[in-house]
Amino acid sequence: MSVLVYTESDGGKFKKIAQEAVSYAKGIADMLGTNVTAVAINAENVSELGAFGASKVLELSNDSLKNFNAEAYASIVAEAAKKENAQVVVLTSSINSKFIAPLLAVKLDAGYVPNVVSLPESASPFKVKHSVFSNKAFSHTEIKTDTKIVGLAKNAFGVKEHNTTATTEAFSPEISSGNVEVVSVDKATDKITIADAEIVVSGGRGLKGPENWGMIEELASVLGAATACSKPVSDMGWRPHSEHVGQTGKPVASNLYIAIGISGAIQHLAGINSSKVKVVINNDPEAPFFKAADYGIVGDAFEIVPQLIEKLKEFKSQNA
Amino acid sequence: MKILVCISHVPDTTSKINFTEGDTKFDTNGVQFVINPNDEFGLTRAMWFKEKQGATVHVANVGGPETEPTLRKALAIGADEAIRINTVATDGYSVAKQLANVAKEGGYDLVIGGRESIDYNGGMVPGMIAQLTGANFINTCIGLEVEGNNATAVREMDGGKETLKTTLPLVIGGQKGLVEESDLRIPNMRGIMQARSKPLHVKEAVDISNETASIQFEKPAPKGAVKLVDNVEDLVNLLHNEAKAI
Ligand SMILES: Cc1cc2nc3c(=O)[nH]c(=O)nc-3n(C[C@H](O)[C@H](O)[C@H](O)COP(=O)(O)OP(=O)(O)OC[C@H]3O[C@@H](n4cnc5c(N)ncnc54)[C@H](O)[C@@H]3O)c2cc1C
Ligand SMILES: Cc1cc2nc3c(=O)[nH]c(=O)nc-3n(C[C@H](O)[C@H](O)[C@H](O)COP(=O)(O)OP(=O)(O)OC[C@H]3O[C@@H](n4cnc5c(N)ncnc54)[C@H](O)[C@@H]3O)c2cc1C
């Protein structure tokens, strides 16, 4: 028996969501009275996962897996789950985790619940709380199969430190790699992605045109944030589609979300609601976003944002 | 090429979400149902394959009779035939089993689903169909070309995108990018008239099982009021000292 967690890495280094997923897996393992095994593909220093509660790490290094391959990755996690006799498999809400999850569910004949926001409410029956209706509600759902797959929502549990000693074990299962081949990858390596960012700075139609995004980018760079935008902004081609956030765009679950010149339409809010702290800058005090935000300034973005950049630079130099 | 587009019948994005019967059922009172937005992008791409490459396009939904107007809308947009698998779908895995069965029986080369449905946000049905039928699978698909038995797809990933090469049979989880917003079609009168006489087959469900069961719903706690400030200095202080966000 064990709780298995798939840990994602980028360029050999574990992502923060991997640390969070291990912390969460440890929480479940404690409830079930068992241990956490992590499976890591092409990652370095894998024993560091002990610091988040893993007792064992199954380690796989394989050049042919350098590019993500959902079928291959799913088959590795499935083999690991069988080997470890896992009752629960923990994944995250990253795009790649959500690609693997349904394949894995069929391979293990396991019930799968995504977007889980807290530890199971009970172990038997195994009941989890997860967001549904694009964050407008939660469902308390029972997973009835012997093996259970949960996809943890980002930033829902947090990274928790433990001082478990993790043993490592080389793992070389039979891999089914399917018939999907990567031709080319187009990835900006110097930019913080919306998925990984702790802070997201987002601009809407209130910014009037693409030529005004300089201050948005500068604000993002001062904060070490990713940039995002509302749907009409990407529809009009002011910004790339990859920055479109909301119900029909990317979800945002950052620590801080700063919305500038965005009205706060229901479809926009649905996608960003699970961010912890929301700030709005808008010159219309009636903008619906003020009802959803934690902090707000009513004012002209073209005045406020440059001031905010200056203030933050000052703050950063004092708090460096 | 035979294409099956999986259509999830979902509350319009502006719907107020409420529950009844002790928070165990979604309250459909006053709710307008639509084609799941991700599926509309997929259906529109399928229309392109039909018009440019002579593909046949069928649409399918797993649900009760109440979903038929949504299927008729898909027919009005241009699909050739519709299939409704008559069961109240309550779990993504069981929906996938029904659709996998339809996909196998119908010998479809390409199954187009959405990245996720905007109601239960499962994000699982297309991948499960692929795995159950042994087809290739590409999720978060934002571009698709098919030439004979070969397909080239673009997929969105964290921080970028990648181009993939694969073969039919193929299942995709699609989203905006497959076609643009401006390519979406509003059914015209002729389409609506034609849709009335297009076949809508009702099939009984096979192998109903539920791996998961929703026990109860809950709405998020109401949010506290916004704190308004009138200068950036206060904002920075609050974000640092109170919210601990910077
Ligand atoms: C099916 C469907 C799905 C959708 N999905 C999404 C989605 O995923 N994401 C999304 O974002 N939208 C989505 N939308 C669109 C959504 O309904 C809104 O139209 C959109 O979010 C509005 O974008 P906006 O806030 O940038 O623009 P607007 O609503 O035009 O708001 C601009 C705001 O800027 C303010 N402003 C103007 N000038 C200034 C200034 N100088 N300084 C400060 N503020 C200023 C205005 O007061 C206003 O509040 C969807 C719609 C539909 C129908
Ligand atoms: C508690 C609960 C109550 C429900 N009640 C009802 C109900 O009363 N009536 C009803 O009809 N359904 C009902 N459903 C089913 C629900 O609408 C979904 O069809 C099913 O749960 C799959 O959702 P998902 O979020 O996992 O789909 P996802 O995996 O997110 O969907 C991805 C894609 O799969 C395809 N897809 C998903 N569902 C269907 C479907 N049903 N038919 C065809 N293609 C589909 C679409 O292409 C969609 O874009 C209920 C579900 C739950 C959990």
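Would you say B:LEU75 is over 14 Å from the mean Cα position of the chain (by Cα) and in contact (Cβ under 8 Å) with a residue 60 or more places away in the chain? Before the answer, list the steps.
Working: over 14 Å from the mean Cα position of the chain (by Cα): yes; in contact (Cβ under 8 Å) with a residue 60 or more places away in the chain: yes.
So B:LEU75 passes the test.
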| remark: When restricted to A:GLY224, A:GLY249, A:GLY206, A:GLY237, the only residue assigned by TED's automatic domain parsing to the domain that holds A:ALA301 and within 16 Å of ligand 2 (Cβ to nearest atom) is A:GLY249
| said: So, in the stretch A:292-301, how many residues would count as being open to solvent by 40 Å² or more (accessible area, probe 1.4 Å) and at the interface with chain B (Cβ under 7 Å from one of its Cβ atoms)? | reply: 2
| task | Could you name every one of the strands (runs of 3 or more DSSP E) located completely within the stretch A:86-162 that has at least 1 residues being away from ligand 1 (no atom under 16 Å from the Cβ), open to solvent by less than 30 Å² (accessible area, probe 1.4 Å) and facing chain B (nearest Cβ under 7 Å)? | result | A:111-116, A:126-132, A:137-143
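Would you kindly identify the strands (runs of 3 or more DSSP E) lying entirely within the stretch B:1-44 that contain at least 1 residues that are in contact (Cβ under 8 Å) with a residue 40 or more places away in the chain and more than 11 Å from ligand 1 (Cβ to nearest atom)? Talk me through it step by step, then tell me what you get.
Numbers: elements: B:2-6, B:9-11, B:33-35.
Because the criterion is at least 1 residues that are in contact (Cβ under 8 Å) with a residue 40 or more places away in the chain and more than 11 Å from ligand 1 (Cβ to nearest atom), the strands (runs of 3 or more DSSP E) in the stretch B:1-44 that meet it are B:2-6, B:9-11.
From the list B:ALA221, B:ALA243, B:ALA213, exactly one residue is without any contact (Cβ under 8 Å) to a residue 12 or more places away in the chain and at the interface with chain A (Cβ under 7 Å from one of its Cβ atoms). Which is it? Can you show your working first?
Details: B:ALA221 fails: at the interface with chain A (Cβ under 7 Å from one of its Cβ atoms); B:ALA213 fails: without any contact (Cβ under 8 Å) to a residue 12 or more places away in the chain.
The match here is B:ALA243.
Restricted to the stretch A:1-44, and to residues that are touching a residue at least 24 places away in the same chain (Cβ under 8 Å), open to solvent by 50 Å² or more (accessible area, probe 1.4 Å) and assigned to a loop (DSSP other than H, G, I, E, B), which residue is farthest from A:SER61 (Cα to Cα)? Don't jump to the end; show me each part of the working.
As a first pass, look at the stretch A:1-44 and keep what is touching a residue at least 24 places away in the same chain (Cβ under 8 Å): A:1-9, A:12-29, A:31-32, A:34-44.
Okay, now just the ones that are also open to solvent by 50 Å² or more (accessible area, probe 1.4 Å), so A:1, A:13, A:16, A:31, A:35, A:44.
Among the residues that remain, those that are also assigned to a loop (DSSP other than H, G, I, E, B) are: A:1, A:35, A:44.
Numbers: A:MET1: 25, A:ASN35: 23, A:GLU44: 9 Å.
Looking at residues that are touching a residue at least 24 places away in the same chain (Cβ under 8 Å), open to solvent by 50 Å² or more (accessible area, probe 1.4 Å) and assigned to a loop (DSSP other than H, G, I, E, B), I get A:MET1.
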| query | Of all residues in the stretch A:254-272 being part of a loop (DSSP other than H, G, I, E, B) and surrounded by 24 or more Cβ atoms within 10 Å (Cβ to Cβ), which is farthest from the chain's Cα centre (by Cα)? | reply | A:GLY261
| note | Going through (1) part of a helix (DSSP H, G or I); (2) away from every other protein chain (no Cβ under 11 Å) one by one, A:ARG239 fails only at (1)
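For the stretch B:108-159, which residues satisfy the criterion of being small (Gly, Ala, Ser) and more than 8 Å from every other protein chain (Cβ to nearest Cβ)? Write out each step before concluding.
Step one: filter the stretch B:108-159 for residues small (Gly, Ala, Ser), giving B:113-114, B:117, B:122-123, B:127, B:130, B:134-135, B:143, B:148, B:151, B:153, B:159.
Correct list: B:GLY113, B:GLY114, B:SER117, B:GLY134, B:ALA135, B:GLY143, B:GLY148, B:ALA151, B:ALA153.
The values are calculated or read from the model by the stated rules, or taken from the named source; none is laboratory data. No experiment lies behind these values; they were computed from the predicted model shown. Don't worry about glycine lacking a Cβ; one is built from the backbone with ideal geometry, like all the others, and counts go over all protein chains shown. Remember, those area values only see protein heavy atoms, side chains included, never the ligands or the DNA or RNA. Shrake-Rupley method; radii C 1.70, N 1.55, O 1.52, S 1.80 Å.
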